[in-house]
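Shown next, in structure tokens, is the structure this report addresses.
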Amino acid sequence: MAEGVLQQEPAPMKAGAKTLVRVENVIKHFPAGLGQSVKAVDGVSFEIVEGETLGLVGESGCGKSTLARLVTQLLPVTSGKIFINDIEVTKLRGEKLRQQRRQMQMIFQDPFASLDPRMTVGDIIAEPLVNFGVMRGRKRSERVQELLKIVGLNPNFNNRYPHEFSGGQRQRIGIARALALNPKLVVCDEAISALDVSIQAQIVNLLEDLQREFKLTYLFIAHDLSVVRHISDRVMVMYLGKIVEVADSAGTYTSPKHPYTKALLSAIPVPDPRIQRGKRLVELSGEIPSPLNPPSGCRFHTRCPIARVPTPCAEVEPPLEEKARGHLAACHFSQDV
Amino acid sequence: MLLDVAGLTVTARVGDADVPIVRDAGFTVAPGRILGIVGESGAGKSTIARVVAGLLPPGFRIASGSVTFEGEDLPAASAARRRELLGRRIAFIPQAPLSSLNPVVSVGRQFAEHLAHARVPRAERRGVAARALAEVRLDDSEALLARYPFQLSGGMCQRVLIAMAFATNPALIVADEPTTALDVTVQAQILELLGDLNRDLGTAIVMITHNMGVVAGLCSRVLVMYAGEIVEQGPVEQIFENPQHPYTWSLLRSIPRVDALRHERLRSIEGLAPDLLHPPAGCRFHPRCPFRIEKCFTDEPRLQEVAPDQLAACWVTMARARKEMGADDLIDIRPGAGSGVRKGELTD
Ligand SMILES: Nc1ncnc2c1ncn2[C@@H]1O[C@H](COP(=O)(O)OP(=O)(O)OP(=O)(O)O)[C@@H](O)[C@H]1O
Ligand SMILES: Nc1ncnc2c1ncn2[C@@H]1O[C@H](COP(=O)(O)OP(=O)(O)OP(=O)(O)O)[C@@H](O)[C@H]1O
Ligand code: SF4
Ligand SMILES: [Mg+2]
Ligand SMILES: [Mg+2]
């Protein structure tokens, strides 16, 4: 691990802030035939306070995008409750839900699949404005041009179609669309992974500026742990449908309390050929267990370097509990991590 | 040479103009080598990959230059021959995992069709697919093969495409950002897998990525692209340690550090990428370059040797920018000769 990771930072000051998102014991199972189901999100609870950025990381397939779609009400929950601004959105239907959605925008993981190929870029970005009857005529097209500029695209491109753009340019179109209505909550699902590091930096700086200015709240999903650390007040780590650790970003990175988090941190590739070449690449081996049949007890026990099996790790599910101030983890032996 | 690209210019039709998307690009890949391609979003990296794979979208045209693979002139080959090469000798991992798989066909059917195309005997297809999926840590291949792409996560689709690519033992894998949807532990396993294929079977790889850690760990050479042109190329260690083009230098300085303090402003390159329809005169990077001199506004720099085996297209180069313009002291860079904010200077 890079040595600087050990540096300490002050804990985030969000005291007294209002809770914007509250997720209570949410479960999402997808039917998978033969009476089986994919346990994509399996009993998850957390809060996001107004103006905060909550980073979300975890293994590929662990349920991050599913959770993002549940929070933005693009998918119904199997069970559990989600509150936005104290309104139970999991209960809303029809027009009420539509109005609520206006405050929550999502930037999708795959910019190719999420933009309508028959619409011009200008129309795509204006769509939310049209849908909610916000701004008209000249003002609307000015807003579109402004948004294009904000995400670093040429404002004259508004008449072009998505296929005329590169991967990273399309991702920025998705970002511009999400910002069009000045939402309160923006869920960024791998929103910057297709961008070069300089444009990534521009977008991250932009997201932070917007946050300061409009008190925006972000749920920020990414695999780039450096960016996540940089942008997040707190970081939440998922493994196989469950939250295994939540803490302020300094805590997660400098003193992880779950062995999975530790494995993640040690796998960050270092942008230095001399260090990276010599590095042992795979810190975490073993098969990724199937979400159809998650392991008993602690779901990580089949791959955990410090597990004591069978008992307790293969038998008792460790609760997500406070291990240090404001630092939650779900591990029987977090002191050994 | 396995792959030899020379003087390649590719244009795209926009309205009634042919816009050059890639301009005068040249590079080679020897058998068993790994070449990284990095650069600005929109610089033309995927376009180069599509040329090699023979999958240029409609409206795109190779205006000049040559692309030779195992001695065969690729653009001149018949469509049937191209299809035969793609899959058997050349594998292509496209940039967008979700939209590259057919949403209404199960993963298993798509995999089988791909193997059939590469002439893998019918009886062996299932086994080959299962083994390849296990290599990319997609377990439970029976269940997986029965599913449709929308039932998989982004990273799972990406790994299916990677598995398809190497299952047929190609001589060259062209991978366009193959790890963007993978967490770092799975990414590490994929990189190790690619490294093993390269070492054990001599598979050559062209790796397009924005992740400098991936380039550092996997590639031996790297190309840096800006606005359709290759602006620098050379051995990875040299480029990382001593970049000579100001764009490369600025890009490397923009990499976020894992130990950076929260909410610290990230460095980036000021200004917009140029409109390729009306590219700037002189050096295409000059409107954003902190070290430009007068000549940069008018005269186009060509790639030339700046160190053994390292080429850069710049009138100034970083050696001079360091010596004469104090490049290393700049903490925040602005366009203009040696301009920017130095350590200790006030910023507002
Ligand atoms: N519509 C669906 N039907 C069935 N299964 C699904 C569906 N959508 C997702 N899944 C499954 O749910 C699990 C979680 O998927 P999800 O997309 O949330 O993962 P993720 O954490 O976002 O992964 P990645 O980092 O790879 O994008 C996966 O096993 C996936 O196969
Ligand atoms: N169909 C098209 N018509 C016109 N221009 C196009 C078309 N497709 C792509 N372009 C332009 O070609 C340029 C190069 O695109 P390409 O996809 O090769 O970039 P890239 O380097 O792969 O970028 P990224 O890192 O964002 O994926 C971009 O500026 C893009 O706007
Ligand atoms: S509970 Fe046991 S298996 Fe789970 S992470 Fe902790 S030590 Fe490992
Ligand atoms: Mg996802
Ligand atoms: Mg691309």
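The values are calculated or read from the model by the stated rules, or taken from the named source; none is laboratory data. Everything quoted here is computed from the prediction, not taken from an experiment. Cβ sites come from the backbone with ideal geometry, for glycine too, and all protein chains shown count toward neighbours. Remember, those area values only see protein heavy atoms, side chains included, never the ligands or the DNA or RNA. Shrake-Rupley method; radii C 1.70, N 1.55, O 1.52, S 1.80 Å.
Computed over the alpha carbons of the range B:237-329, Rg followed by Dmax gives 14.4, 42 Å.
Of B:Leu35, B:Leu194, B:Leu161, the residue with the greatest mean-square motion in the GNM of chain B, using alpha carbon springs below 10 Å, is B:Leu194.
The Cα atoms of chain A give a gyration tensor whose axes a ≥ b ≥ c have a/c of 1.5 or more with a/b greater than b/c, which makes the shape prolate. Between B:His245, B:His210, B:His117, the residue with the greatest mean-square fluctuation in the GNM of chain B (Cα pairs under 10 Å linked by springs) is B:His117. Per residue, the average separation of C-alpha pairs within less than 8 Å and at least 6 apart gives the range B:79-206 a relative contact order of 35 percent.
Placing +1 on the Cβ of every Lys and Arg and -1 on the Cβ of every Asp and Glu, with no other charges, gives chain B a dipole of roughly 640 debye about its Cα centre.
Using a probe of 1.4 Å, the accessible surface attributed to A:Asp209 totals some 60 Å² when neighbouring protein chains are kept in position. Just so you know, the Cα atoms of the range B:98-169 work out to an Rg and Dmax of 10.8, 30 Å.
The fraction of all Cα pairs in the range B:247-286 landing in successive 5 Å bins from 0 to the largest distance is 5, 18, 22, 19, 14, 9, 7, 5, 0, given as whole percents. Zone of B:Ala79 (label point 7 Å along Cα→Cβ, backbone N under 20 Å): which residues in the range B:26-61? It comes to B:50-61, nothing else.
From the square roots a ≥ b ≥ c of the eigenvalues of the alpha-carbon gyration tensor of the protein assembly as shown, which class results: rounded (a/c under 1.5), prolate (a/b over b/c), or oblate? Rounded.
Considering Cα pairs under 8 angstrom that are at least six residues apart, work out the relative contact order of chain A and quote it in whole percent.
That works out to 20 percent.
Might you report the magnitude of the Cβ-based charge dipole of the protein assembly as shown about its Cα centre, with Lys and Arg at +1 and Asp and Glu at -1, to the nearest 20 debye? Provide the component values of the computation, followed by the final result.
On the way: 80 positive and 76 negative charges, 289 e Å.
Dipole magnitude for the protein assembly as shown comes out near 1380 debye.
In sequence order, the range B:89-101 has phi-based couplings of 9, 10, 10, 10, 10, x, 5, 9, x, 5, 8, 8, 9 Hz under the Karplus curve 6.51 cos²θ - 1.76 cosθ + 1.60, θ = phi - 60°, and Gly or Pro positions carry x. The fraction of all Cα pairs in chain B landing in successive 10 Å bins from 0 to the largest distance is 5, 23, 31, 24, 13, 4, 0, 0, given as whole percents. Interface of B with A. Using a 1.4 Å probe and counting protein heavy atoms only, the two chains hide about 5700 Å² of accessible surface, both sides summed.
Contact order normalised by length for chain B, with contacts defined as Cα pairs under 8 Å and 6 or more residues apart; what percent is it? Value for chain B: 17 percent. Are there any helices in chain B, counted as whole DSSP H runs, that stretch 24 Å or more along their axis by Cα and score at least -1.0 on average by Kyte-Doolittle, and if so which? Flagged H segments are B:184-201. This model, with +1 at the C-beta of Lys and Arg and -1 at the C-beta of Asp and Glu, gives the range B:237-329 a dipole about its Cα centre of some 260 debye. Using a probe of 1.4 Å, the accessible surface attributed to B:Lys343 totals some 140 Å² when neighbouring protein chains are kept in position.
Projecting the Cα atoms of B:Thr298, B:Pro243, B:Ala313 onto the charge dipole of the range B:237-329 (Cβ charges, centred on the Cα centre) puts B:Thr298 farthest toward the positive pole. Accessible surface ranking for B:Ile48, B:Ile255, 1.4 angstrom probe, highest first: B:Ile255, B:Ile48. In the complete set of protein chains, residue-level accessible area for A:His332 is approximately 60 Å², probe 1.4 angstrom. The residues of the protein assembly as shown expose, per residue, 41 Å² of accessible area to a 1.4 Å probe.
The range B:231-294 and the range B:78-124 have Cα centres lying 37 Å from one another.
Taking the chain by itself as reference, the range A:105-146 contains these residues with an accessible-area loss of 10 Å² or more in the full protein complex (1.4 Å probe, heavy atoms): A:Gln109, A:Asp110, A:Phe112, A:Ala113. A straight line joining the Cα centroids of the range A:192-264 and the range B:303-321 runs 37 Å. 3J(HN,Hα) along the range B:235-245: x, 4, 4, 5, 5, 5, 7, 9, x, 10, 8 Hz, from the Karplus curve 6.51 cos²θ - 1.76 cosθ + 1.60 with θ = phi - 60°, whole Hz, x for Gly and Pro. In plain terms, if you count all Cα to Cα distances in the range A:187-337 and split them into 10 Å steps from zero, the share in each step is 10, 34, 34, 18, 4, 0 percent.
Pairs exceeding 29 Å between alpha-carbon atoms, taken from A:Lys28/A:Lys323; A:Lys64/B:Lys343; A:Lys18/A:Lys242; A:Lys242/A:Lys323: A:Lys64/B:Lys343.
Which value in nm describes the separation of the simple spin-label points at B:Val341 and A:Leu34, placed 7 Å from the Cα toward the beta carbon? So the two model labels end up 6.1 nm from each other. The residues of the range A:255-283 occluded by other protein chains by 50 Å² or more of accessible area, set against the chain on its own, are A:Pro269, A:Pro271, A:Pro273, A:Arg274, A:Arg277, A:Leu281, A:Val282; surface from heavy atoms, 1.4 Å probe. With all projection directions averaged, the alpha carbon convex hull of the range A:114-187 covers 4.8 nm². Element breakdown for the protein assembly as shown at a 1.4 angstrom probe: carbon and sulfur atoms account for 51% of the accessible area. What separates the Cα centres of the range A:98-118 and the range B:151-228 is a distance of 28 Å.
Taking only DSSP H segments of four or more residues, each worth -39500 (n - 2.57), what value at 222 nm results for the protein assembly as shown once the sum is divided by all its residues, to the nearest 500 deg cm²/dmol? Result for the protein assembly as shown, helices only: -9000 deg cm²/dmol.
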